[in-house]
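J.: Before we start, here is the structure in question, set down as structure tokens.
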Amino acid sequence: MDHPLIDLINARIAKAEAEGAFDNLPGAGRPLPEVADPESALLDRLLREAGAVPEFVTLSKTLAALRAELRAEGDRTRRGEILREISMLEIRIDLAKQAYRR
């Protein structure tokens, strides 16, 4: 079943084409880029253009900060806490990377 407004949509697209609204667009005449996952390609592009970063990137920055804190920490109890945080964060990063690849 077609969308109830399909005729209106097609008419507006045809009118815009006739008026040249689609002339001189960036990338016109070139093939579309290859994408690994066509179903989420648009969402990925929009997120990238909006400056969003994958979760594992943000987590990796947190991990680097924790490692720096560990190097500077002298208290054995706090070092143990930091090591536990690092272990959990490494697991979260692995899971986030797996989810991102899907």
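We did not get these values from a lab; they are worked out from the coordinates using the rules stated. Being a predicted model, the structure only gives us computed values, none of them experimental. Positions of Cβ are generated from backbone atoms using ideal geometry, with glycine treated the same way; all protein chains shown enter the neighbour counts.
J.: Go ahead and estimate [θ] at 222 nm for the chain from helices alone: -39,500 (n - 2.57) per DSSP H run with n ≥ 4, summed, over the residue count, rounded to 500. Don't jump to the answer; show the numbers that get you there.
T.: Details: 4 runs with 66 residues, N = 102.
Value at 222 nm, helices only: -21500 deg cm²/dmol.
J.: Moving to a separate point now. Rounded to the nearest 0.05, what FRET efficiency is calculated for Leu47 and Glu90 with R0 set to 30 Å and r the Cβ-Cβ distance? Don't skip to the end; give the middle numbers.
T.: Values: r = 24 Å, r/R0 = 0.81.
Result of the calculation: an efficiency of 0.80.
J.: Here's something else I'd like to know. Can you give me the distance in nm between label points at Glu17 and Ala68, each placed 7 Å from the Cα along the Cα-to-Cβ direction?
T.: 5.5 nm
J.: Can you give me the Rg/Rh ratio for region 6-101, using Cα atoms for both radii and the Kirkwood formula for Rh? Don't skip to the answer; put the middle values down first.
T.: Numbers: Rg = 23.5 Å, Rh = 17.9 Å.
We get a ratio of 1.31 for region 6-101.
J.: Sticking with this one: Quick check on the exposure proxy: order Ile93, Ile6 from fewest to most C-beta atoms within 10 angstrom. If you can, show how the numbers build up before the last one.
T.: Details: Ile93 18, Ile6 10.
By the 10 Å Cβ count, ascending: Ile6, Ile93.
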